[in-house]
Amino acid sequence: MVIADFNLDNTNDFAVALSDVSQVKTYMGDGVGGFVMKGSVSAGGNGYPVHLSVGNLNYATDPYSGLTAPAAPLDVVASAYSNKTGRAYIGSSSGTIAPSSAIDLLGMRPVWSVIGDVNGDGFNDIVFVCRDDDKISMWSGDGSGSFTFLANYGSSASSVARPFNPAVVHPPPARERIPGL
């Protein structure tokens with residue numbers, strides 16, 4: 001589960017991975033503790049999503065200045081354990097998420113993911129922890145919600161089994177912001 005303001009109304013919303021039905025659902029908050037389901041997307045056949053992360057995966061370019069910045073709604077990544085994929089979903093200002101990329105993790109089973117600019121190109125990337133395979137898999141984002149393989153790193157079960165806070169929103173890379181985006 002991740003908590004974020006998906007529909008940009010300054011109230012907390014949440015997304016949850018439903019492993020038993022291979023779905024990711026978004027719920028919009030009303031600001032006083034109530035939530036309404038807004039949408040549901042598939043994590044792929046027998047995906048078994050076990051972890052979600054939230055951040056910016058798609059960017060927009062201002063036609064006047066030429067500056068690129070993260071698009072306003074937050075996006076979601078699901079670690080789909082059983083079908084060995086990462087699933088990227090692009091957010092909309094209505095609070096729904098739509099499938100963007102199914103990332104084939106080359107036979108590895110992801111259990112966690114984080115979003116951040118790991119290669120310094122100004123666009124957020126995705127790092128998957130594949131505990132059962134003793135690997136960490138990095139995928140480079142291009143700013144449109146698509147990803148290409150960057151690198152795999154060996155690890156051990158003890159180094160990737162440490163607890164962490166999956167509800168942390170990782171900010172987009174530091175760069176000039178475009179007003180209104």
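The values are calculated or read from the model by the stated rules, or taken from the named source; none is laboratory data. All values derive from a computational prediction rather than experimental measurement. When we count neighbours, we look across all protein chains shown, and the Cβ atoms used for this are built from the backbone with ideal geometry, even at glycine. Calculation scope for accessible area: heavy atoms of the full protein, side chains included, ligands and nucleic acids excluded. Shrake-Rupley method; radii C 1.70, N 1.55, O 1.52, S 1.80 Å.
A count restricted to the stretch 1-44 and to residues that are more than 19 Å from the chain's Cα centre (by Cα) and surrounded by 18 or more Cβ atoms within 10 Å (Cβ to Cβ) stands at 1. For G47, the conditions (1) closer than 21 Å to V129 by Cβ; (2) open to solvent by 60 Å² or more (accessible area, probe 1.4 Å); (3) of a type outside the set (V, I, T) are fulfilled apart from (2). Does at least one position in the stretch 111-121 carry a residue that is modelled with pLDDT under 90 and farther than 25 Å from F14 by Cβ? Scanning the stretch 111-121, I find no residue that is modelled with pLDDT under 90 and farther than 25 Å from F14 by Cβ, so the answer is no.
Of the candidates L150, L181, L106, the single residue that is at pLDDT 90 or above and of a type in the set (A, V, I, L, M) is L150.
Those strands (runs of 3 or more DSSP E) of the stretch 59-145 in which at least 2 residues are of a type in the set (G, A, S) and surrounded by fewer than 19 Cβ atoms within 10 Å (Cβ to Cβ), considering only elements entirely within it, cover 97-104.
For G91, the requirement of being closer than 22 Å to L18 by Cβ and modelled with pLDDT under 90 is not met.
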